Amino acid sequence: MEMTEEAVNNERLQAAARFKAFMMKNSTKTNLNLYDHLVRLLTKVMDERPENAVDVIEDMSRELKGSMLQEKQDTLRDSPSSSAALFLAEQQKALFTRAAGDEGDHEEDLVESPLPNVAELAFFFEQAGVDLGREEMQRVFLALKQLVDAQCLLRCRFWGKILGTQGNYLVAEGEFREGEGEEEEGTEQTHEDEEREEEDKDETELVEAADPTPKSTYKPPPPVPKEENHTGVNKYTYFVCQDPGMPWVRLPMVTPAQITVARQIRGFFTGRLDAPVVSYPPFPGNETNYLRAQIARISAGTHVSPLGFYQFGEDEGEDDGLRDSYEENPNFEGIHVNEMAESLNLWVHHIQHILTQGRCVWVNVTKKSADDVDEDAEEEEREEEPDELQPEVGPPLLTPVSEDAKMNDTPPWSSMISTNLIPQFSIAVLRSNLWPGSYAYASGRKFGNIYIGWGMKYIGKAYTPTILPPPQNEYPSGPEITEALDPSVEEEQALKAALEEQTAALDETEDLEDEEDD
């Protein structure tokens, strides 16, 4: 049955309506539809009548669509991008620009510069499978150049990277020239502070006079003095920054109390130097001090060198256990890689061991000077004090790592060669198992140390926090504070009679004495 002409026209109108509805469907990205866009485009073509319209129709369509989107964005205020990546890029931009006056020839400065060859360090540790990436190491290289240019350093090297939960720390180790880089110990009190302390003292004395408080007989142990700059755990100065290009921050000197508490606690770094360290025992300082204490512990336990690279000076009379310095051996010719990888006796510590006291050199804190106590007090103390403390002595410098103690049957070190496929070009690699992330390499006369980790020591078991001390005992019970029972009436009368008899007897005695005197 053939369709009538009217039915065909109706079918075409319906198809056209459906197609128009399809073209008027809005886009989910731009909220525009094809129908309106084509209407505007054809209107623009008819208005402008460009030559070769078929060749420029795509450009006109793109321009028209862009103008529609721009019109809707004109009502919004442009907000400049201030992302952390852009801020870091602006900071790192200075790394790739030369300062004014650096255009000349500085061959002498290059020879005497303390700037380390980080590219060489990265090359060797990349063979050992330890690296931050060539791009980051290049930025670290340039950041160390900034540090060397800003500080009067005698030596400088890239210590490593300590990871944190919110940011990381790039650590540089430096040694100042003699007489430079000294830290100022404390600050002078102002006149206002002194007046405030005097007022507080006067108020305290008035309160104590009205209601005296019990005096504590507890005497805290004397504090262990910290080691001086350029000695012991404070031999080197450390600088940290979060990213290459950011300003370097000098870490303060570390104290024995900080090292002692750092050995008893465990916690991740946050990446903020001013963050508090919440722990028990309470840590004496913030994250800056905790970071410095961990750096000292890691350096003392993991910085090693090939046997014979360093040697002691010509002071033969000094005991090896008390030596704190060494010098490079000019006659060192290197040790074969296979021997370095097989024997731990060929690796030695070149950083002093930290004693239980928190120092590298033991000091007797119980000994007092003659100015503090007189002779009588000294005799009493000698009678009360026990025998004199025995000085603590740790392993001397340049002790082989094979003598290091195990941690729950875990060997402290693992040695290997970088590759077995091309052994003639391999290097010896030493990895610390007690401080995961600490590595050392040796190749001929060259060696290096680096640490990349979270700054926590392997303890071989689940960590158990330090137990709180037991509560203090109550005040000792005695007759002066013991509450007595109330006496009965008969007891009170008997006591009163006894007191009266005693008073009468005393009066009679006094009368007799007066008569005898007369």
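What pairs come out if I take residues in segment 228-240 that are farther than 15 Å from A172 by Cβ and pair them with residues that are crowded, with 21+ Cβ neighbours inside 10 Å and among the β-branched types (V, I, T) whose C-beta lies under 6 Å away, six or more apart or interchain?
Pairs found: V233/V254.
State all residues of segment 399-409 that are modelled with pLDDT of 90 or more and either in a strand (DSSP E or B) or not assigned by the TED database to the domain that holds L344 (or both); if no residue qualifies, say none.
Matches in segment 399-409: P400 only.
Identify the single condition in (1) farther than 30 Å from P222 by Cβ; (2) outside any helix (DSSP H, G or I); (3) touching a residue at least 60 places away in the same chain (Cβ under 8 Å) that N338 does not satisfy, given that it satisfies every other one.
Every listed condition holds for N338 apart from (2).
I'm trying to understand the selection: among the residues of segment 275-300, which are of a type in the set (F, W, Y) and crowded, with 23+ Cβ neighbours inside 10 Å?
To start, the set of residues in segment 275-300 that are of a type in the set (F, W, Y) comprises 280, 283, 290.
Residue satisfying the conditions is Y290 alone.
For segment 420-448, which positions are open to solvent by 40 Å² or more (accessible area, probe 1.4 Å) and assigned to a strand (DSSP E or B)? If you could, list the steps in order and put the result at the bottom.
Of segment 420-448, the ones open to solvent by 40 Å² or more (accessible area, probe 1.4 Å) are 420-425, 431, 436, 439, 445-447.
Scanning segment 420-448 gives R431, Y439, K446, F447.
Yes/no per residue for (1) at pLDDT below 80; (2) of a type in the set (S, T, Y); (3) out of contact with any helix residue (DSSP H, G or I) (no Cβ under 9 Å at 6 or more places or on another chain); (4) open to solvent by 100 Å² or more (accessible area, probe 1.4 Å):
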residue	(1), (2), (3), (4)
T4	no, yes, yes, no
A17	no, no, yes, no
R40	no, no, no, no
M46	no, no, yes, yes
N52	no, no, yes, yes
L64	no, no, no, no
T75	yes, yes, yes, yes
A100	yes, no, yes, yes
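The values are calculated or read from the model by the stated rules, or taken from the named source; none is laboratory data. Since the structure is predicted, the reported quantities are computational estimates derived from the model, not experimental observations. Here the Cβ is made from the backbone with ideal geometry for all residues, glycine too, and neighbour counts use every protein chain on show. SASA here: full protein model, heavy atoms, side chains in, ligands and nucleic acids out. Shrake-Rupley method; radii C 1.70, N 1.55, O 1.52, S 1.80 Å.
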